[in-house]
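The values are calculated or read from the model by the stated rules, or taken from the named source; none is laboratory data. What you are looking at is a predicted structure, and each value in this text was computed from that prediction instead of being measured. Every residue, glycine as well, gets a Cβ built from its backbone with ideal geometry; the counts of neighbours run over all protein chains shown.
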Amino acid sequence: MKIKFWGVRGSIPCPGVHTTKYGGNTACIEIRLEDPDRLIILDAGSGIRELGNALMARQSSSSMNIEIFLSHTHWDHIMGFPFFTPLYIPGTSVKVYGPVSCGVTPLESVVGGQLTYEYFPIRQTELAANITYVELKEGRYELGDEVVLNVQYLNHPILCLGYRLEYQNKVLCTAYDTEPFKNIFCTDPDNPAYDAQMALEGEAAARQENRRVEVFFRNADLLIHDAQYTQHEYLSSKIGWGHSSIEHAIETAKRAKVKRLALFHHDPMRTDKEIDELYQQLCQKNGAMEIFFTREGLEISL
């Protein structure tokens, strides 16, 4: 597998002089396998625009087969979709995978709903590519050519999927946008809403779900993990926002015996200088596991 990062930020694009090193585009990851005609993309944030431009510049034929796997449908992960040039090229085949996130609203309406006259000058029905949508649930999927995909539900304010892609004895995992599962029941004995049994069951359920996520990326060759906050930021005001701390990502990856940890989904307020400082503070001494902050243009081979 060859992986290239086209967008690594969370929440909103943040171009500017303070984000030139790591980049300001939102989530988009390109994955290439042995088959040169097969392209897998994880998420369609604003980074997918530049990926589309690069594809057009190097494409040798008029047809492309593209698979886009969406972690979830929050706007920062789908906002680049209307600007993905291959959608406008006849002969292009695009299959969009993602969760059922908005009750009875199908994935096609959630993603393609951006292409309406209220938001965009071109409608989805006017796109030249052949686009199909596949709704995913938690489980195992065989995608042909030795590609196995396992899907895991994560902890985010909307249904969000983690992906474990296995190909030729190599494993790539994603765990974003997510935060540790927590007990949702009252744990304060002095609170009138406190119920001892419910509090105990809540703690057990949270531990079980955190364990399931950890097992999901056990022994991964590369884990791309949410790292939007520091632990101080998370505990002070970000609990329940659906994102992890850098420290949490590192500790869980170490327990899961991950080989390489890619810290991803940087806070839009985080400058290049601040990320460099966090790397020096948190990523230097962690045994055999390699830890790094992702940046636009970074390429990795597994």
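Among (1) part of a loop (DSSP other than H, G, I, E, B); (2) aliphatic (A, V, I, L, M); (3) modelled with pLDDT under 95; (4) closer than 30 Å to ILE12 by Cβ, there is one condition VAL258 misses while meeting the rest; what is its number? Of (1) part of a loop (DSSP other than H, G, I, E, B); (2) aliphatic (A, V, I, L, M); (3) modelled with pLDDT under 95; (4) closer than 30 Å to ILE12 by Cβ, only one is false for VAL258: (3). In region 104-208, counting only strands (runs of 3 or more DSSP E) that sit wholly within it, the ones holding 2 or more residues that are surrounded by 18 or more Cβ atoms within 10 Å (Cβ to Cβ), under 16 Å from the mean Cα position of the chain (by Cα) and of a type in the set (Val, Ile, Thr) span 170-175. Within the option set LEU149, LEU165, being touching a Phe, Trp or Tyr at 6+ places or on another chain (Cβ under 9 Å) and under 30 Å from ILE275 (Cα atoms) holds for one residue only, LEU165. Within the group ASP43, ASP37, which residue is surrounded by 23 or more Cβ atoms within 10 Å (Cβ to Cβ) and free of Cβ contacts under 8 Å to residues at least 40 places away in the same chain? One residue alone meets the criteria, ASP43.
In region 75-103, the residue that is farthest from ASP226 (Cα to Cα) out of those that are modelled with pLDDT of 95 or more and in a loop (DSSP other than H, G, I, E, B) is PHE84. Residue count for region 261-291 satisfying the condition of being out of contact with any Asp or Glu (no Cβ under 6 Å at 6 or more places or on another chain) and not in a helix (DSSP H, G or I): 19.
How many residues are in a loop (DSSP other than H, G, I, E, B) and surrounded by fewer than 16 Cβ atoms within 10 Å (Cβ to Cβ) if we restrict to region 1-17? Please lay out each step first, then the result.
Taking region 1-17 as the starting set, the residues that turn out to be in a loop (DSSP other than H, G, I, E, B) are 1, 8, 10-17.
From the residues that got through so far, the ones that are surrounded by fewer than 16 Cβ atoms within 10 Å (Cβ to Cβ) too are 12, 15-17.
Summing the residues that are in a loop (DSSP other than H, G, I, E, B) and surrounded by fewer than 16 Cβ atoms within 10 Å (Cβ to Cβ) in region 1-17 gives 4.
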